[in-house]
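The values are calculated or read from the model by the stated rules, or taken from the named source; none is laboratory data. Keep in mind that this is a model prediction, so the values were computed, not measured. For neighbour counting, all protein chains shown are included, and Cβ atoms are generated from backbone atoms with ideal geometry for every residue, glycine included.
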Amino acid sequence: MVSGISYLLSDIIGYKVVAFLLLLSLSCLSLFFKIFPVLIAALLSAFIWNYFFIPPRFTFHVDSAEDFFLLIMYLIIAMVHAVLTYRIRQIEKKIIDKEQKANILKLYNTLLNSLSHELRTPIATIIGATDNLLMNNNRLTEENKLNLLTEVSVASLRLNQQVENLLNMSRLESGFIQVKKDWCDANELVYATLKRLEENLKKHIIKVQVADNLPLFRLDTGLMEQVLYNLLYNAMIYTPENATLVIDVNCIDNNCVIIIEDNGKGFPPEEINQVFDKFYRLKYSRTGGTGLGLSIVKGFVEAHNGRITLQNKDTGGAKFTIVIPAETSYLNDLRNE
């Protein structure tokens, strides 16, 4: 194409300018093809330039020594340029591969460090409490036994949460998430999740605001319960005692809208766009946590074709907003069906 256009304009631009245009074309080719086709293109461009442009045209004969020298230099430059460009691409590829391996290693170390804390801590608590119950059973009061059993229960729930997060992330990564929608009472969904977190949320104030005459939604109850669990668990961890957690559920334009907000410190503005990234943990957050909870929330919401946003409130604290387009049906309508 370049040779054809240059041939039509050769009387205007001259045959020497054509050489630069062919070299430019060769540079573009070397960015997309491997070394062999680029070398073939370099040889072909030299022959095309000689046959169609260098006087006398339509012959491989070159009259002047200057043109012969230019042709040889063109061929050398084209070949060297092709090889060097290919080598640069190879080096860039190696650098990218090295950076990707470094990132993977960093993620692996982050996950390993997090898991070593998040799994060891509850396991150590369970082992310690059960050892005390077995070895000192006769010397423990009923209150001591109850406290130890409570520790075992809390640690078991924490361990179960981390295992669930790992399994859920594995399902998201493999693309194996299958949304099984059924009619769901959002009110029951909220209180079922709160029941699971009852022990953890004892030191927080919980407010549930469910709109009157709320319809049923077609949702995957299991996935949505995990979404609410992760959001509430995250809020419980990163807000002080006696903080207020508000759960608001509404139906707006046939969308299931769930808002979870707190009156804690909120998120650092410069990090707010990264909190849903896998393995991401806030820079100055406390130790522990795998950084999977919010990324799983985002994945499960998007599996419903929904979206989740996060913003800091003007009055202080964070506000998560979930909007999921869903089929709706009021209870009376469903009974009639």
Do we find that residue 81 is assigned by TED's automatic domain parsing to the domain that holds residue 40 and surrounded by 12 or more Cβ atoms within 10 Å (Cβ to Cβ) in this structure?
-> yes
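With out of contact with any strand residue (DSSP E or B) (no Cβ under 9 Å at 6 or more places or on another chain) and either among the aliphatic types (A, V, I, L, M) or modelled with pLDDT under 85 (or both) as the only criterion, which of 125, 150, 130 stands out? Working first, answer last.
Details: 125 fails: either among the aliphatic types (A, V, I, L, M) or modelled with pLDDT under 85 (or both); 130 fails: either among the aliphatic types (A, V, I, L, M) or modelled with pLDDT under 85 (or both).
Every option except 150 fails the conditions.
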Scan of segment 228-255 for residues that are more than 12 Å from residue 194 (Cα to Cα) and in contact with a helix residue (DSSP H, G or I) (Cβ under 7 Å, 6 or more places away or on another chain), ordered by number | 234, 241, 242, 249
List, please: which pairs have Cβ atoms under 6 Å, are six or more places apart or on different chains, and start with a residue in segment 145-168 that is on the phi < 0 side of the Ramachandran plot and end with one that is buried (at least 16 other Cβ atoms within 10 Å of the Cβ) and not in a helix (DSSP H, G or I)?
-> 165/292
Subset of segment 55-85 that is more than 54 Å from the chain's Cα centre (by Cα) and in a helix (DSSP H, G or I) - its residue that is nearest to residue 15 (Cα to Cα) | 67
Identity of the residue in segment 189-210, modelled with pLDDT under 90 and surrounded by 13 or more Cβ atoms within 10 Å (Cβ to Cβ), that ends up farthest from the chain's Cα centre (by Cα) | 210
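Of the residues 213, 230, which single one is touching a residue at least 40 places away in the same chain (Cβ under 8 Å) and either within 16 Å of residue 311 (Cβ to Cβ) or surrounded by 14 or more Cβ atoms within 10 Å (Cβ to Cβ) (or both)? Give the derivation first.
Working: 213 fails: either within 16 Å of residue 311 (Cβ to Cβ) or surrounded by 14 or more Cβ atoms within 10 Å (Cβ to Cβ) (or both).
Result: 230 is the single residue among 213, 230 that is touching a residue at least 40 places away in the same chain (Cβ under 8 Å) and either within 16 Å of residue 311 (Cβ to Cβ) or surrounded by 14 or more Cβ atoms within 10 Å (Cβ to Cβ) (or both).
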The condition from (1) surrounded by 13 or more Cβ atoms within 10 Å (Cβ to Cβ); (2) modelled with pLDDT under 80 that residue 43 misses is numbered (2)
Those residues of segment 180-210 which are out of contact with any strand residue (DSSP E or B) (no Cβ under 8 Å at 6 or more places or on another chain), assigned to a loop (DSSP other than H, G, I, E, B) and in contact (Cβ under 8 Å) with a residue 24 or more places away in the chain amount to 180, 197, 199
Filtered residues of segment 127-141 (kept if surrounded by 12 or more Cβ atoms within 10 Å (Cβ to Cβ) and not in a helix (DSSP H, G or I)) | 136, 140
Search segment 60-83 for residues that are within 12 Å of residue 50 (Cα to Cα) and in contact (Cβ under 8 Å) with a residue 12 or more places away in the chain and pair each with any residue that is among the small types (Gly, Ala, Ser) and surrounded by 12 or more Cβ atoms within 10 Å (Cβ to Cβ) when their beta-carbon atoms are under 7 Å apart and the residues are at least 6 apart or on different chains.
-> 71/46; 74/19; 74/46; 75/46
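Take residue 55 and decide whether it is at pLDDT 80 or above and either surrounded by fewer than 16 Cβ atoms within 10 Å (Cβ to Cβ) or outside the structural domain of residue 7 (by TED's automatic domain parsing) (or both).
Numbers: at pLDDT 80 or above: no; either surrounded by fewer than 16 Cβ atoms within 10 Å (Cβ to Cβ) or outside the structural domain of residue 7 (by TED's automatic domain parsing) (or both): yes.
When the stated conditions are applied, residue 55 does not pass them.
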